[in-house]
Structures are given as C-alpha cells and as structure tokens.
Amino acid sequence: EGNFNAPLPNIKSEDEVRELHDSFAYMQTSLSEYMTQLTETTKAKERIESELNIAHNIQMGMLPKIFPPFPNRTDIDIFAFLEPAKEVGGDLYDFFIDGENLYVIIGDVSGKGLPASLLMAVTRSIFRSIATSLEEPARIISAMNSAISENNESNMFVTIFAGIIDLTNGKMKYCNAGHNPPAFVKSSGEVEWLKVIPNIPIGLFTKFNFQQQEMNIAPEDMLLLYTDGITEAEAENKELYGEQRLYDCLSQVGTKNVKEVIGGIRKSVGEHVKDAPQ
C-alpha cells in the first residue's frame, strides 16, 4: 500500500520464511533510500530548471524584441526572431542606430546550452561597447576576435556577420567571419546569396586580417540574416531544410512586410520539420 516502513513480523525460525523476511527487510531499506534520493534529485532538477528559465529570460531580454524598433523612421523595416533549441542557446542578433548609421550583427556560437549562452552574452556585450568607436565592420570584428580569443580556454568560437548601413545613401559596409552568407532580395523579387569573403570565425586566433566589403542597398531591397538553425533544421528522416528551400521560400514571399517574410520562413521550416525535435 506504499508504506515502506510497515513493521515486519519477528521471525525466529531459520527456514525459507526467515529468508523471505530478510528479503522484505532489505527491500524496505532499499526503497526508503531510493525515495530519499529521488526526492533530492527532483528538487535539484526543479532548481536547475528554474535557473535555466531565468537564464532564458535574461538572454532573451538582452536582444531587441520590440518591433518596429524605430517607429519614427519610415526608411527601414526590421524584424527578428530567435527560438533556442534548448532553454538557452548560442545564437545572437543585435542592431542599433547611431546618427544615420544602422549597425547590425548576427552570430552563432559553437555548441549549445549554457556554455554557448555565456559566450553569446559576452559577444553581444563586446559588440555594443566597441561598435560606434571603431565604425568599420572589419575593425569591429577584429577587436571582438582579440577579446574573445585572448582567454578562450574552452576553444569555443563564434561565426559573425556584421554590417553598417548608411541610411542616407543605402551603402553597406560588411564583414563576414565564417557565418552563413545572407540572402539579398532585390526590389524586383530576384533572390541571390550575398557574395562574402568567408574569413574565419572569431575566437580561434588572436590575430587575423579580417577583410570587409561594400554593397549598395536600393529602396525596397531586403537583406535576410540568418543562422544555420534555419538551413540545418532536420525533418524526422534527418533531411536538412537546406539553402534551396530557403531560396524558394524567399522567391515566393518577395519583399513585402518583413514580419510576414519571417513568418513565411518559419511556416516553411515548420512544414519541413513537422514533429521532429528542434
């Protein structure tokens, strides 16, 4: 009936009844110890889950999540979405305007879980603290690389794409550090992958000559920054979503409201993945 401390009868004989008594006595002790350990384990698990939920809220709170972010401006339209595979993860994005320059960054930390989330938070904080003083994407990424690789005993790394867009003329200077090339959707609806010099992810070597590039963004053009959480989303048969499906999805949605574009991509990925775990 679940009472593991029920008293057993006192058996004085040395026969099979005594053996049965001793077996029940051993079972009582084992079950009691197991229940105690289970209670402690459950409490520890609940505490860890609570801390992970708090860490998730802190991590999500670091990223821009109010859209439209610049309601007084009509020259840009921005939307972003992040859904970690676990409670916390290593993907990051950030953007802000300084003067007439729009600074944007997207990144992906190697690994998952708490270690990746810690490096994600550090990476985003470094970007915020140095971006406006350096004013060149290559210099920004180089400074971030130096800061992260200097004491990187865990040998983790971060892929980064950083860009600075001059909102007066649409010129974008950008630097790619081992990240997925963004998709560029022209006002005509034509989709192409942005030509990037891959460089290397940050955190691997203290000194590396990161090269930057330039391009012009015309009115009604759209730039999609994403991580491999999209292209490597797996279906139940392990088939990846892939760049071609993303290309086809962008070709269909065109350059309408960017929130609808992100919604279309999420729907397309969901239809591919179905019930497979993220």
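The values are calculated or read from the model by the stated rules, or taken from the named source; none is laboratory data. Computed from a predicted model, the values in this text were never measured in an experiment. So basically every Cβ, Gly included, is an ideal-geometry build from the backbone, and we count neighbours across all protein chains shown. Protein only, heavy atoms only, side chains kept; ligands, DNA and RNA dropped before computing areas. Shrake-Rupley method; radii C 1.70, N 1.55, O 1.52, S 1.80 Å.
Could you list, in sequence order, all residues of region 250-278 that are in a loop (DSSP other than H, G, I, E, B) and within 19 Å of the chain's Cα centre (by Cα)? Passing the criteria: ALA276, PRO277, GLN278. Whether any residue in region 55-64 is in contact (Cβ under 8 Å) with a residue 60 or more places away in the chain and under 30 Å from THR168 (Cβ atoms) is what I want to check. Scanning region 55-64, I find at least one residue that is in contact (Cβ under 8 Å) with a residue 60 or more places away in the chain and under 30 Å from THR168 (Cβ atoms), so the answer is yes. Count of region 202-217 residues, restricted to those that are open to solvent by 50 Å² or more (accessible area, probe 1.4 Å) and not polar (S, T, N, Q), is 5. For region 94-212, the strands (runs of 3 or more DSSP E) that sit wholly inside it and include 3 or more residues that are more than 19 Å from LEU82 (Cβ to Cβ) and either among the basic types (Lys, Arg) or touching a residue at least 12 places away in the same chain (Cβ under 8 Å) (or both) are 158-166, 171-177.
Being open to solvent by 70 Å² or more (accessible area, probe 1.4 Å), modelled with pLDDT under 90 and touching a Leu at 6+ places or on another chain (Cβ under 9 Å) is true for just one of LYS86, LYS45. Which residue is that?
LYS86
Quick one: is PRO84 in contact with an Asp or Glu (Cβ under 8 Å, 6 or more places away or on another chain) and either of a type in the set (A, V, I, L, M, F, W, C) or part of a loop (DSSP other than H, G, I, E, B) (or both)? Spelling it out, PRO84 is indeed in contact with an Asp or Glu (Cβ under 8 Å, 6 or more places away or on another chain) and either of a type in the set (A, V, I, L, M, F, W, C) or part of a loop (DSSP other than H, G, I, E, B) (or both). Selection of region 111-138 for residues being open to solvent by 50 Å² or more (accessible area, probe 1.4 Å) and within 15 Å of the chain's Cα centre (by Cα) yields GLY111, LYS112, LEU114, PRO115, LEU118, VAL122.
Criterion applied to GLU16, GLU40, GLU33 was being farther than 20 Å from LEU224 by Cα and modelled with pLDDT under 90, and the one residue passing it is GLU33. Restricting attention to region 222-245 and to residues that are assigned to a loop (DSSP other than H, G, I, E, B) and free of Cβ contacts under 8 Å to residues at least 40 places away in the same chain, the residue that is surrounded by the most Cβ atoms within 10 Å (Cβ to Cβ) turns out to be TYR241.
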